[in-house]
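What follows draws every value from the coordinates through simple rules; no lab data is involved. This structure is a prediction, so every number in the text was calculated from the model and none was measured. All Cβ positions, glycine included, derive from the backbone under ideal geometry; neighbour counts span all protein chains shown.
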Amino acid sequence: MTTHTPNRSWQPTRSRTAATALLTAAVLALSACTGADDPEESTPSTSEATASATASPTTEDTAAPSPSETTEETTSAAPDATETDTNPDGDDFTTGEQSTDNFPDTDTTSTGWFPTGVRASAHDGFDRVVIDHAGSGHPGFLAEYTTEALAPGSGHPADQDAPAYLAVHPVGLAGHEEINTDAALPNGYTVTELNTSVVTGVTTHLPFEAASSYYIGLDTERAYRVFTLDNPARLVIDIATD
């Protein structure tokens, strides 16, 4: 076995040792000064870290939607039956038959029309009935007075008992396969509790061969007007009360 004996021939001098100690002390002092003054190297406090993690969203995240973004939502809502009368077609009230130019042609601009709701209210000088529909465009129709309210196809009488009925027969409605039964009114749907002056009831039927019949129950035959509106789809019937 070979034994290595430490070389004791070299020993640091006293002056060299003192210089090294002074240099080490200076480096430590300089590090302490620069470490306290340099913000990039300092560790953030707990409150600073929390504030950074929970900073409020930027303006892009919280900015209110522009008018163009809200117009679609506000204009697509169905109008109330008490909406101000604008008489969009300029039609006069009459007791005679009224119809679209293309009736009974079913080749209309309407697509997917079927009834989804009924609203009615009294206005100054007339009652208004609004029958909401799914679909778009404008169907054709014939409106006339009748003494019987019979369902299309089956001929079953409506669940109303009124002295007079205004019958509205729309054409160009949805085909059987296009009707969403979850959204559609039941066939033969009748409502008699209405906030109206002379309208006593409304009965709607689902389309039968792309046509249907709606009946407005009245105390007597009165002047009326009928028109359709789109976006959303609806059939409007105004009945004169004066």
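Tabulated results
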item	result
Label-point separation in nm, Thr147 to Asp159, each point 7 Å along Cα→Cβ	2.6 nm
Ascending count of other beta-carbon atoms within 10 Å, so fewest first, for Val118, Val171, Val191	Val191, Val118, Val171
Footprinting exposure proxy for His205, His176 (fewest neighbouring C-beta atoms within 10 Å first)	His176, His205
Within-14-Å neighbourhood charge of Thr203 [Cβ basis; K, R +1; D, E -1]	-4
Residues with amide H under 5 Å from that of Val118, placed H, sequence gap 5 or more	Asp132
Paired Rg and Dmax values of region 130-217, which use every Cα atom, in angstrom	12.7, 38
Karplus 3J(HN,Hα) series, Hz, for region 219-227 with 6.51 cos²θ - 1.76 cosθ + 1.60 (x for Gly, Pro)	6, 6, 5, 9, 5, 8, 8, 9, 7
Residues whose placed amide H lies under 5 Å from that of Ala223, excluding near-sequence neighbours	Ala240
Summed residue charge, Cβ within 13 Å of Ala134's Cβ, Lys/Arg positive, Asp/Glu negative	-3
Computed over region 97-242: relative contact order in percent, which uses C-alpha pairs under 8 Å that are six or more apart	30 percent
